[in-house]
Amino acid sequence: MNVRPAGGASTPSFRIGEAARRAGVTTRTLRYYQELGLLPPSGTTPGGNRLYTADDVDRLRRILELRDVMGFDLERIRLFLESDDRLAALRAEAARGPSDARRAEMVVEAFALNRRMQAEVAAKQGVLAGVLAELRAKVVRYRETAAELGIDLDALDALDALDGTDDRDHGHDHGGTRVP
């Protein structure tokens, strides 16, 4: 199934190499997403070369965001893209001034799509919260062991300041300063 953005796509203008470069991926990655139906080209040259639009590049960036930032698998990415596409179609329909009855149907559908997407994000947050809790529990154990061995882990705070991390037990008082 090809998942395509709804409405007003721009004119195809980038060959595959340029579209890949603009999104910071390889042409192989772009072809892979095409094979999966997530990002078919918007056109082709007479010689059969794929052509992409600025909207296609934005869609590719959305795929990368869902993959890299959110950590979603391909099925979740497809779900988000389908939801994004349907929401765009509903916005386009709303701009045409549908009847109040149709607007009511549309808002219920948009609400359901949004809730479905929220549920996916919440599930991912739950997994990440579990991983973070495990890491924090390990820090407590490391601090206990370090204290038994006479090691001052707070001396590592200078390193934390350099790299922007904080491995202290969050929420506890350490030397008069509250750990965020």
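Structural remarks
- When each of V57, V121, V107, V127 is tested for being assigned by TED's automatic domain parsing to the domain that holds A19 and of a type in the set (V, I, T), the lone residue that passes is V57.
- The set of residues in the range 81-94 being among the charged types (D, E, K, R) and either over 24 Å from L66 (Cα atoms) or not in a helix (DSSP H, G or I) (or both) consists of E93 alone.
- When the residues of the range 68-90 are filtered to those that are of a type in the set (K, R) and in contact (Cβ under 8 Å) with a residue 60 or more places away in the chain, the one that is surrounded by the most Cβ atoms within 10 Å (Cβ to Cβ) is R78.
- Answer from E144, E109, E134, E105 - the residue that is at pLDDT below 95 and in a helix (DSSP H, G or I): E144
- Within the set G97, G37, G48, the sole residue that is part of a loop (DSSP other than H, G, I, E, B), farther than 30 Å from L128 by Cβ and either modelled with pLDDT under 95 or in contact with a Leu (Cβ under 8 Å, 6 or more places away or on another chain) (or both) turns out to be G48.
The values are calculated or read from the model by the stated rules, or taken from the named source; none is laboratory data. The shown structure was predicted, so the numbers you read here are calculated from the model rather than taken from an experiment. Neighbour counts are summed over all protein chains in view; Cβ atoms, including those assigned to glycine, are modelled from backbone coordinates with ideal geometry.
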